[in-house]
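Participant: One structure is given below, represented as structure tokens, and several questions about it will come after.
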Amino acid sequence: ANEVSYIHKRGYPVVGIEIGEECDGKHMTPEDYGAIYIQIADAVHKLTPGAKLGGPIFEGVDKDITLWPDDQGRTSWMERFIDYLKAHGHLKDLSFVSFEHYPFMINGGTPPNDWASLYLEPGIMKHVLHMWRQDGVPANVPLIISESGIIAGQSGPGYLGMTGLAIWECDAFGTFFEQGGTAFYRPAINNGATGHGILSPEGGADGGGAY
């Protein structure tokens with residue numbers, strides 16, 4: 001909370017603050033994440049009422065995130081998280097929903113090595129955005145891709161070369177915004193050895209944090 005207050009008082013142009021990092025990959029239940037999210041929101045907004053918070057920063061999934069049923073038989077992670085915030089009167093603290101997008105290294109998949117695989121991207125993107133809305137994310141809550149790449153962990157163009165990467169990005173960006181997405185952040189191509197820098201109009205940031 002003090003860090004967010006400091007950032008805002010210094011006048012840095014922060015669009016939003018992500019709470020947590022890849023909670024699905026860490027096997028965190030939506031109720032536990034919701035409880036922590038509310039605690040952080042209360043602490044941050046006590047000092048900085050206008051701070052915009054969001055999450056849960058899912059890994060680059062292409063299907064709904066599920067876990068064992070709760071006492072109502074619900075298995076959707078996002079649905080249960082949204083319902084938890086509603087039940088505790090904190091849905092207003094969800095200023096955006098953010099997630100990562102790595103379409104070709106999902107669930108043990110393999111990198112694309114032929115041009116035909118590029119045609120899959122628009123369908124993948126449409127499905128993911130529609131999925132979050134079906135899970136209960138309100139229409140007025142922006143959807144943000146806060147980390148992305150054609151292949152997870154790869155900073156270069158990969159098997160299809162720079163032309164293939166460019167075609168994929170055109171499809172990814174275009175479909176995302178055509179389907180109502182709000183902001184799409186991507187690692188810079190020439191970002192040195194780390195491979196995680198985020199290129200954005202508001203200034204660089206690492207995956208999972210302030211934008």
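The values are calculated or read from the model by the stated rules, or taken from the named source; none is laboratory data. All values reported here derive from a predicted model rather than from experimental measurement. Positions of Cβ are generated from backbone atoms using ideal geometry, with glycine treated the same way; all protein chains shown enter the neighbour counts. Each accessible area value is taken on the protein alone, full model and side chains, heavy atoms only, with ligands, DNA and RNA left out. Shrake-Rupley method; radii C 1.70, N 1.55, O 1.52, S 1.80 Å.
Participant: Using a basic spin-label model with each label point 7 Å from the Cα along Cα→Cβ, how many nm lie between D71 and C170?
Facilitator: 5.5
Participant: Quick one, what does Rg over Rh come out to for segment 1-68 if you take C-alpha atoms and the Kirkwood Rh? Mind dumping the intermediate values first?
Facilitator: Values: Rg = 13.8 Å, Rh = 13.2 Å.
Reported Rg/Rh (Cα atoms, Kirkwood Rh): 1.04.
Participant: At 1.4 Å probe size, what's the solvent-accessible area of R74? Round to the nearest 10 Å².
Facilitator: 50
Participant: For a test of the definition: using alpha carbon positions, the gyration tensor, and the 1.5 limit on a/c, classify segment 1-123 as rounded, prolate or oblate. It would help to have the intermediate numbers written out before the result.
Facilitator: Values: a/c = 2.84, a/b = 1.43, b/c = 1.99.
It is oblate, given that a/c is not under 1.5 and a/b is not larger than b/c.
Participant: Here is a further query. Using 1/(1 + (r/R0)^6) with R0 = 35 angstrom and r between the beta carbons of Q39 and N140, what's the FRET efficiency to the nearest 0.05? Please report the intermediate quantities before stating the final value.
Facilitator: Numbers: r = 24 Å, r/R0 = 0.69.
The computed FRET efficiency comes out at 0.90.
Participant: Additional query: Would you please calculate the Kirkwood hydrodynamic radius of segment 42-99 over all C-alpha pairs and express it in Å, rounded to one decimal?
Facilitator: Details: mean 1/r = 0.0772 Å⁻¹.
So the Kirkwood estimate lands at 12.9 Å.
Participant: Let me ask you something else. Given labels modelled 7 Å from the Cα in the Cβ direction, how far is it in nm from Y12 to R133?
Facilitator: Spacing of the two 7 Å Cα→Cβ label points: 3.4 nm.
Participant: In nm, to one decimal, how far is the L120 label point from the K92 one, both placed 7 Å along Cα→Cβ?
Facilitator: In this crude label model, L120 to K92 measures out at 4.4 nm.
Participant: Y102: accessible area at probe 1.4 Å, nearest 10 Å²?
Facilitator: Number for this one is 20 Å².
Participant: Mind ranking I40, I151, I124 by accessible surface for me, highest first, 1.4 Å probe?
Facilitator: I40, I124, I151
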